[in-house]
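We did not get these values from a lab; they are worked out from the coordinates using the rules stated. These numbers were taken from a predicted model, which means no experiment stands behind them. All Cβ positions, even for glycine, are placed from backbone atoms using ideal geometry, and neighbour counts span all protein chains on display.
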Amino acid sequence: MLVSVVVPCYNEEAVIRLYYEEMNKVTELLTDYDFELIFVNDGSKDGTLGILKEFASKDNRVKFISFSRNFGKESAMYAGLKNSNGDYVVLMDADLQDPPKTLIDMLRIATEEGYDSVATRRITRKGEPPIRSFFAKKFYKIMNKISKTDIVDGARDYRLMSRNFVDSLLRMSEYSRFSKGLFGWVGFKTKWIAYENVERAAGETKWSFWKLLLYSIEGIVAFSTLPLSISVFFGIIFAFLSFIGLVLVVIRAAIFGDPVAGWPSMMSIILLIGGVQLICIGILGIYLSKVYLEVKKRPIFICSDSNIKDIKL
């Protein structure tokens, strides 16, 4: 039985050798399986590609795909899945925050208990900045309230999938990808493995707070249309308030006969309504931009180098 291990890499020169050593220890224990290690170099600017070529020259299990530039982790995962041949496919980060030894239990569960997917989730966020942990928890709560797709709190991309599961994912070749949502959307029988957060073995994280915020917006837009209803909600509320205000003005003028004063309050209301309108237009713009990118039909990634003979793009 062949197992494909897909490893996205972006500037992982400091840790990639450690990962390869740890992965070899695990594959030596799993003698009943054959492995192919698919490293996807996502436009790294350090020596990551050179190290991957070194691995490939000594180990025929190693395959690499190198992008022409940085397309992002989602594109790297898609490229790896697209070119995998295994009966089971594993997504795993190179920074060793996804412990390779967990793969032993994942394969046992999938083969013995009949699961299509074995996924991992963190039960702690030890080592993360408190503000990042706070917003991450809030994101999962919001997503599960506004979306029909089940997204588990603390879910990692570290996941073992059957070939049927992977083929179903690849049928969704959308340009703007949010894999955590795609995993839940396709369904299938999934078992979750919980483990404590593990810090990077070396190097620095590529995910800043700002990048994570943009990624969360990507997920909300990809798996919920509820934000589009916000403009309708605010429109109804302000129309109702304006009607009440108009009635009060008429009554006041009829009873007291004095002109309505209050230039500062009027300007405040105008600015408030203008701000709400801009927010609503911005939400519409985000959804429109996603449609714009999809209809262009641009490739999800461009390969500049690979040792895979018939690479699938």
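Run the numbers for Tyr292 and Asp46: contour at 0.36 nm per residue of separation, minus the present Cα-Cα distance, in nm. Don't jump to the answer; show the numbers that get you there.
Numbers: separation 246, 0.36 × 246 = 88.56 nm, distance 3.32 nm.
In short, 85.2 nm is gained.
Viscosity 1.567 mPa s, temperature 4 °C: Stokes-Einstein D of segment 42-82 from its Kirkwood Cα radius, in µm² per second? Mind showing how you got there, number by number?
On the way: Rh = 10.9 Å.
D, rounded to a whole number, is 119 µm²/s.
Starting from the 7 Å offset along Cα-to-Cβ, what nm value, one decimal, do you get for the label separation of Glu196 and Val276?
If labels sit at Glu196 and Val276, their model points lie 4.9 nm apart.
Multiplying the sequence separation of Ile269 and Ser176 by 0.36 nm and subtracting their Cα-Cα distance, what value in nm do you get?
Working: separation 93, 0.36 × 93 = 33.48 nm, distance 3.73 nm.
Separation in residues times 0.36 nm, less the Cα-Cα distance, equals 29.8 nm.
For a footprinting-style exposure proxy, rank Met172, Met106 by other Cβ within 10 Å, fewest first. Walk me through the intermediate numbers first.
Values: Met172 11, Met106 23.
Least crowded to most crowded, the residues run Met172, Met106.
Can you work out the FRET efficiency for the pair Leu18 and Phe188, with r the C-beta to C-beta distance and R0 = 25 Å, to the nearest 0.05?
Working: r = 32 Å, r/R0 = 1.30.
Rounded to the nearest 0.05, the efficiency is 0.15.
Tell me, Thr31, Thr102 in order of fewest to most beta-carbon neighbours within 10 Å? It would help to have the intermediate numbers written out before the result.
Values: Thr31 7, Thr102 18.
Lowest count first: Thr31, Thr102.
Label-point separation (nm) for Ile255 and Lys101, each offset 7 Å from Cα along Cα-to-Cβ?
7.8
Suppose R0 equals 41 Å; then what is the FRET efficiency for Ile308 and Arg121 from their Cβ-Cβ distance, rounded to the nearest 0.05? All intermediate terms of the calculation are to be shown ahead of the outcome.
Working: r = 31 Å, r/R0 = 0.77.
Working from the Cβ atoms, E equals 0.85.
Rank the residues Leu49, Leu91 as a footprinting-exposure proxy: fewest other Cβ atoms within 10 Å of their Cβ go first. If you can, show how the numbers build up before the last one.
Values: Leu49 20, Leu91 26.
The fewest-first ordering by Cβ neighbours comes to Leu49, Leu91.
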